[in-house]
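Here's the structure we're looking at; comments come further down.
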Amino acid sequence: MMNQKPKLPEIPEAELTPLVQQLLGIILSQQEQIEELQEEVRLLKGHKGKPPIKPSRMDKEAQEGGGEEGKERKRGPKRAKTAQLQTVDEVIAPQGLPTDAREQGWRFKGYADYVVQELVIEARNVRYRLEEWQGPQGQWLRGKLPASVNGHYGSELVSYVLHQHYHQLVTQPLLLEQLHEFGIEISAGQLSHLLTQEQELFHQEKAQVLEVGLQVSHHLQTDDTGARHDGKNGYCTCIGNEFFAWFESTESKSRVNFLGLLRAGHKDYVLNAGALEYMAQHKLPQVKLNLLEEGRSFEDKDAWEGYLKGVGICGPRHRLIATEGALVGSLLARGFPVTMGIVSDDAGQFNVFRHALCWIHAERNINQWVPLNDTHAKQIAWVRCQIWDLYADLKAYKTDPELQNPSFQNEIRQRFKELCRTRTTYQTLNGHLKRLLDSQEELLRVLEDPRLPLHNNLSESDIREYVKRRKISGSTRSDAGRRCRDTFTSLKKTCRKLGISFWQYLRDRVSRMNGIAPLGEAIRAAAAGTY
């Protein structure tokens, strides 16, 4: 039985002295504190909290006059839901009048339309009869199949299979069972072949998505997650922004791996001024730095590692810094802007170029802590309030040109420093504030460039696809399966950001109609504001 909230006694107005009113206020305040503590105890015991019950709209309508008798509530214009539908079949419905209606004086006045949406799912087998001719010398000629036919399974069926597996996350066994129930004769091996083999056109378009995305983007958002493959731990890295999303699964999530992915398929290593500057900034000893020859380039990993061994750079840490620098040099050599914004959580592998941190991650750790006492709870609440106040001001700064001035920037930086230098009785909180102060430049990067996002929610939403798939299917087994998973997820997410139906995209590409523009062109048009 739930505890009933005690009611305050009704006191006549004549007895409501200032002291009585003050005592009533204290009682109400104590009741609220008791309710908060009871709610916290319920949550700590694992009980369900009080459901959020919104105030009734009836009272509001009554106050506004909406509840008066005879007065109808205002409604918006009614939308014709079926006005834009294209009808294929027209059926004259059976008459509902008696057979002698005309004799009784009824007159026919036309038809009233009633549109019914239907979905037709059935196996449709087509036999193409190809003419065969034999020439005078014994040679044979055979007629050609339509361009949309590629194998013994039609383009609509292949599109459906790809959509169900890569978009709807239907597993292969369930998809095979579904096709059998539809009357399709197909084996598990043939289904796997449709899903993972002969998809080179899609792989090429995925590569174009990243190449064009890097060319037109002002900033990138990135994240990674676990993606097991062939029984071994692996990782998937997501790179994208509001125009595209690109996924690649590898065995590592290091900075070398991230820089390698940014090369968009290129394999070279370059020693140029940018590469040597990176190595110097990351404390590669000057003695080792002098061994490297500026202007050299290497076509692949084997040639690069052979060069490092030849010049005497053999220590793991020195080789790592040199490799990261050569990858940076490779990117810069192809025009990758050194001012590219990289927005991520606080994972070290993404800390390259103009790195910016996510404010949601900065606050999330504080929100997850369980305070040891009431004082700690108040201190945590105060810090969180200050963080969100700064966040709100930064959001306003991004959109209001009048705030984008040195005075406001200095004010934000000063407030941030004062917050991070605050010392509380909760040492864990003090340590986190110190780490925030160390990350000040990356958290306040938006003051330098208002176009940078303040959080990494977009990338986290994109990478969640792999978390869902991991829970459903576990891991991939074949290299072709892993590659296709990355490719179709990239294309699906990119289509969604560009407002393109993934189903229509698959039908267009599988049937070779190519009525939908290449995604690279759509990304370029979207970035230019012309899409």
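The values are calculated or read from the model by the stated rules, or taken from the named source; none is laboratory data. As the structure is a computational prediction, the values presented were derived from the model and not from experiment. Methodologically, a virtual Cβ is constructed for each residue, glycine included, from the backbone with ideal geometry; neighbour enumeration extends over all protein chains shown. Surface areas here come from the heavy atoms of the whole protein model, side chains and all, with no ligands, DNA or RNA. Shrake-Rupley method; radii C 1.70, N 1.55, O 1.52, S 1.80 Å.
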- [ ] For the pairs 206/398; 398/497; 206/301; 232/267; 232/468; 417/497, note any where the Cα-Cα span goes beyond 29 Å.
- [x] 206/398; 417/497
Task: Qualifying aspartates and glutamates (Cα of each under 13 Å from Cα of residue 395; at least 8 residues distant if same chain) - done: 449
Task: Whichever aspartates and glutamates have a C-alpha closer than 15 Å to that of residue 309, once near sequence neighbours (fewer than 8 apart) are set aside - done: 293, 300
Open item on the list: If the reach is capped at under 16 angstrom between alpha carbons, list the aspartates and glutamates near residue 283, excluding any in the same chain fewer than eight residues apart.
Closed with: 324
Task: Accessible-area composition of segment 435-496, carbon plus sulfur, in percent [1.4 Å probe] - done: 45
Task: Accessible area per residue, Å², segment 159-229 with all protein chains present, probe 1.4 Å - done: 43
Task: Solvent-free Debye scattering, log10 I(q)/I(0), computed from the Cα coordinates of the chain at q = 0.08 Å⁻¹ - done: -0.84
Open item on the list: So, R0 is 51 Å and r is the distance between the beta-carbons of residue 130 and residue 174; what FRET efficiency does that work out to, to 0.05?
Closed with: 0.90
TODO: Considering the options 308, 210, 171, tell which one lies farthest towards the positive end of the dipole of the chain, charges being +1 on Lys and Arg and -1 on Asp and Glu at the Cβ, about the Cα centre.
DONE: 308
Task: Separation between Cα centres of segment 121-145 and segment 229-303, rounded to whole Å - done: 52
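Show me the trypsin sites (Lys or Arg not before Pro) within segment 88-168 that DSSP assigns to loop and that have at most 15 other Cβ atoms within 10 Å of their Cβ. Mind showing how you got there, number by number?
Details: sites: 102, 107, 109, 124, 127, 129, 142, 144; in loops: 102, 107, 109, 124, 127, 129, 144.
Those satisfying the criteria are 102, 107, 109, 124, 127, 129, 144.
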Open item on the list: Ignoring ligands, DNA and RNA, please state the percent of accessible area on segment 239-393 from carbon and sulfur, probe 1.4 Å.
Closed with: 53
Task: Cα gyration tensor of segment 222-291 - equivalent ellipsoid semi-axes, whole Å, descending - done: 29, 16, 11
- [ ] With label points built 7 Å along Cα→Cβ from the Cα atoms of residue 411 and residue 435, find their separation and express it in nm.
- [x] 3.1
Task: Residue-level accessible surface for residue 407, protein heavy atoms, 1.4 Å, Å² - done: 90
Open item on the list: Could you tell me the extents of segment 107-206's C-alpha atoms along the three principal axes, largest first, rounded to whole Å?
Closed with: 74, 45, 31
Task: Under-5 Å amide H pairs with residue 354, H placed in peptide plane, nonlocal only - done: 340, 342
